[in-house]
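Participant: Sharing a structure, written as C-alpha cells. Questions coming.
What follows is calculated from the coordinates using simple rules that are stated; it is not laboratory data. Quick caveat: nothing in here was measured; it's all calculated off a predicted structure. Cβ placement follows ideal geometry from the backbone for every residue including glycine, while neighbour counts extend to all protein chains displayed.
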Amino acid sequence: MILHCVFVRFKAVLQAADKQAIYDAVAALKNVTPGILDVKYGPNTSPEGLNGGFLDGFIVTFESPEARDAYLVHPEHIAVGERILASTDGGLSGLMVFDLAV
C-alpha cells in the first residue's frame, strides 16, 4: 500500500467552503481512479507547532505503487491538482507531497 500524503498552505482568503469543495473533489477521484482504497482530509490538529505553515492536508491510500502511478497521470487528478495549486499560497511552494509505502 501507498499513503500519498499532501500537505497544503491554502491562501488566507480561501473560505472554508472552498477548501471543502477541493476535498470533495479529491475524494471523488476514488470513483474514477482504480486502486484508491481510502481518502482522508482535514486541518492539522497537531499541538507541536511543527507544521511549517501547512495547516491542511489529505491522504490518499492506494493498493499499490502502480495504482498511485496511474492516478498521477489520470486527467481527473491533473484537473484537481491544478485547482489545488491555484488555491495555495505560493504555488508549488504551498504544497508538500510525501508518499509512504506501508
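Participant: What is the chain's relative contact order, in percent, from Cα pairs under 8 angstrom and six or more apart in sequence?
Facilitator: Reported relative contact order: 48 percent.
Participant: Per DSSP H run of at least 4 residues, take -39500 (n - 2.57); add these up for the chain, divide by its residues and hand me the 222 nm value, nearest 500 deg cm²/dmol.
Facilitator: -10500 deg cm²/dmol
Participant: If you don't mind, another one. Sort segment 1-55 into rounded, prolate or oblate with this rule: let a ≥ b ≥ c be the square roots of the eigenvalues of the Cα gyration tensor; rounded if a/c is under 1.5, and if a/c is not under 1.5, prolate when a/b is larger than b/c, oblate otherwise.
Facilitator: oblate
Participant: What is the magnitude of the charge dipole of segment 1-69 about its Cα centre, with +1 placed on the Cβ of each Lys and Arg, -1 on the Cβ of each Asp and Glu, and no other charges, expressed in debye to the nearest 20?
Facilitator: 200
Participant: I've got another one for you. Return the whole-Å distance between the Cα centroid of segment 10-61 and the Cα centroid of segment 63-88.
Facilitator: What the calculation gives is 13 Å, centre to centre.
Participant: Okay, moving on. Which of the aspartates and glutamates could a cross-linker bridge to Lys11, judged by Cα under 19 Å and excluding same-chain residues fewer than eight apart?
Facilitator: Once the sequence-local aspartates and glutamates are set aside, what remains near Lys11 is Asp24, Asp56, Glu82, Asp89.
Participant: Projected onto the charge dipole of segment 37-102 (+1 at Lys/Arg Cβ, -1 at Asp/Glu Cβ, origin at the Cα centre), which of Val97, Leu85, Ala70 gives the Cα projection farthest towards the positive end?
Facilitator: It is Leu85.
Participant: Please work out which option in [x] 37, 31, 23; [y] 34, 28, 21; [z] 56, 27, 24 gives Cα extents along the principal axes in Å calculated from these coordinates, and answer with its label.
Facilitator: [y]
Participant: Looking only at Gly57, Gly81, Gly90, which one moves most when the chain is put into a Gaussian network model with springs between Cα atoms under 10 Å?
Facilitator: Gly90
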